[in-house]
Amino acid sequence: MDILREDIDALNATLTVKLSKEDYLETVTAELKKLRKQVDMKGFRKGNVPIGLVKKMYGNSVLYETIDKQVSGGLNDYIKEKEMNILARPLMVLDDNLKFDINAPADYEFKYEIGIAPEFDIPFLEKKTAVPKYDIEVDETFIEKELTQLRKRFGEMEHPEDDIQEDDVLVVQLKEIFDAETKEEGVDTETSFALDQVKDEKIKKKLLKLKPGKQLKVKIDDLFEKDKETVLRVLLKVEEEKIATTESDFDLTLTRINRVQPAVMEQTFFDQVYGPNTVDSEEAFMEKFRGDLDELVENRSQQRLKVDIYNRLMDSTEMDFPEVFLKKYIRQFNEQPLTEEQIEEGFENFVDEMKWSLIRDRLMKENEITIEQTDILDQAKEDVKKMYAQYMGMEINDEEATMYSANMLKDEKYVNETYSKLLENRLFDYLTGQIKTKEEKISFEDFTKLN
């Protein structure tokens with residue numbers, strides 16, 4: 001087998017694989033003999049079917065499988081041996097004249113297109129440009145707001161008959177209307193929304209006065225901040241093909257008022273949040289709650305720092321990609337068929353993911369950033385401990401955590417996700433140590449408004 005490389009430009013090349021019949025015939029013959037021992041055919045003892053008949057029945061499929069295996073293996077070995085840094089996988093150039101006939105062995109030639117990974121520098125790390133590290137202020141207003149939300153989560157649901165309040169959730173029936181009449185076969189659905197989602201103050205004032213069973217005419221366009229198409233799709237669950245022909249005018253009938261009474265600051269609530277007997281007074285609860293908020297905002301700040309580092313790396317690192325090749329690759333290997341419009345719409349995100357993968361892999365290789373099996377085991381044990389603490393209100397020791405995590409480690413999806421999470425954390429720990437940070441104080445409200 002011979003493989004020839006032809007460079008088209010810095011990002012594109014072709015590989016031509018030349019396979020002579022001497023390369024594969026011996027293997028094909030051996031595979032047919034092996035198959036003969038397994039063939040069970042009426043009129044012959046198992047394993048004694050004439051080789052000519054086996055060849056006639058299975059020869060072409062064995063020939064194809066053997067050639068495919070040899071070409072794929074040879075191609076992979078060549079790429080590895082030559083240390084070629086390619087994108088995606090080679091794309092075979094289709095040849096309508098290519099035929100496989102066990103009775104007419106021939107020399108074959110296969111041509112593949114390949115995309116070459118671009119050369120690039122990472123100037124962001126060389127310049128050490130300062131990145132903001134946000135010091136999120138936890139003031140009393142923020143603490144009270146978070147506490148109210150937590151108390152509501154563990155509160156009791158009520159359904160008052162009137163006196164709608166700003167933070168109530170309204171369950172309503174929405175019927176599409178046309179020319180002041182209910183539209184025949186129009187949208188007719190029940191949904192719910194929080195009153196504070198309503199953008200039009202005039203409509204909100206009318207809703208505040210509404211009572212269950214009473215009706216109000218509304219325009220979907222004016223009701224929420226989202227555009228009409230999003231409201232119809234997400235809130236009203238209108239089928240995609242009906243969205244364009246759905247009217248803006250609806251009859252809204254109030255079905256029910258949902259109101260949550262916040263949980264009382266007493267032992268039952270404390271036990272629900274932190275588990276039985278973890279805290280035994282309001283003072284102890286608030287101390288732990290404040291500590292949790294401090295941890296929350298620090299985690300948010302760290303996560304934001306990761307996002308900013310990622311954005312700086314991506315924005316400052318210039319790369320060119322073989323776009324024509326990559327679009328061919330998407331067209332050929334995507335699980336579901338895509339239109340040209342869909343390929344164009346998703347191409348920028350596809351390239352961004354590929355760009356980040358190249359930056360990440362290079363940084364990990366150059367700085368020997370790895371994850372071992374023991375790291376995944378330790379994380380699984382921590383996950384088990386957190387799960388028992390959160391859902392069962394109990395602590396378990398290392399030995400118990402090791403035993404209970406055994407099943408989690410059998411789950412390939414969990415192992416892969418844990419590996420990726422640990423690798424990302426380790427990479428960003430390294431990056432954080434390589435850059436300058438500039439501390440900036442910010443309120444939680446302003447922090448949430450950051451893009």
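Summary of computed values
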{"quantity": "14 Å Cα-Cα reach of LYS436 towards aspartates and glutamates, excluding residues that sit fewer than 8 places from it in its own chain", "calculated": "GLU126, ASP308"}
{"quantity": "Label zone at GLN215, where the point sits 7 Å out along the Cα-to-Cβ direction: the stretch 227-258 residues whose backbone N lies under 20 Å", "calculated": "247-257"}
{"quantity": "Listed residue pairs exceeding 21 Å between alpha carbons, taken from LYS365/LYS386; LYS80/LYS413; LYS111/LYS355; LYS306/LYS421; LYS82/LYS421", "calculated": "LYS365/LYS386; LYS80/LYS413; LYS111/LYS355; LYS82/LYS421"}
{"quantity": "Point-to-point label distance, GLU345-MET364, nm (Cα→Cβ direction, 7 Å offset)", "calculated": "3.1"}
{"quantity": "Where chymotrypsin sites (Phe, Trp or Tyr not before Pro) fall in DSSP loop in the stretch 31-120, at most 14 other Cβ within 10 Å", "calculated": "PHE44, PHE120"}
{"quantity": "Where a label projected 7 Å from the Cα of GLN149 along Cα→Cβ would reach, residues of the stretch 270-298 with amide N under 12 Å", "calculated": "293, 296-297"}
{"quantity": "3J(HN,Hα) from dihedral phi, the stretch 223-234, Karplus parametrisation 6.51/-1.76/1.60, rounded to Hz, x for glycine, proline", "calculated": "6, 10, 5, 5, 6, 4, 4, 5, 4, 5, 6, 8"}
{"quantity": "Counted charge near GLU399, where neighbours are those whose Cβ lies closer than 15 Å (Asp, Glu -1; Lys, Arg +1)", "calculated": "-3"}
{"quantity": "Residues of type lysines that LYS217 reaches as a straight line, Cα spacing below 17 Å, ignoring anything fewer than 8 places off in the same chain", "calculated": "LYS175, LYS183, LYS199, LYS202, LYS204, LYS205, LYS206, LYS209, LYS228"}
{"quantity": "Global form of the chain, assessed from the alpha-carbon gyration tensor, a/c cut-off 1.5", "calculated": "prolate"}
{"quantity": "Cα gyration tensor shape of the stretch 269-448, rounded if a/c is under 1.5, else prolate or oblate by comparing a/b with b/c", "calculated": "prolate"}
{"quantity": "Estimated [θ] at 222 nm from DSSP helical runs (n ≥ 4, -39500 (n - 2.57)) normalised by residues in the chain, nearest 500", "calculated": "-16000 deg cm²/dmol"}
{"quantity": "Added length on full extension, which subtracts the Cα-Cα distance from 0.36 nm per residue, GLU298 to TRP356", "calculated": "18.3 nm"}
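All of the numbers you see were taken from the coordinates with simple rules; none came from a lab. Owing to the predicted nature of the structure, the values given are computational and were not obtained by experimental measurement. Neighbour counts are summed over all protein chains in view; Cβ atoms, including those assigned to glycine, are modelled from backbone coordinates with ideal geometry.
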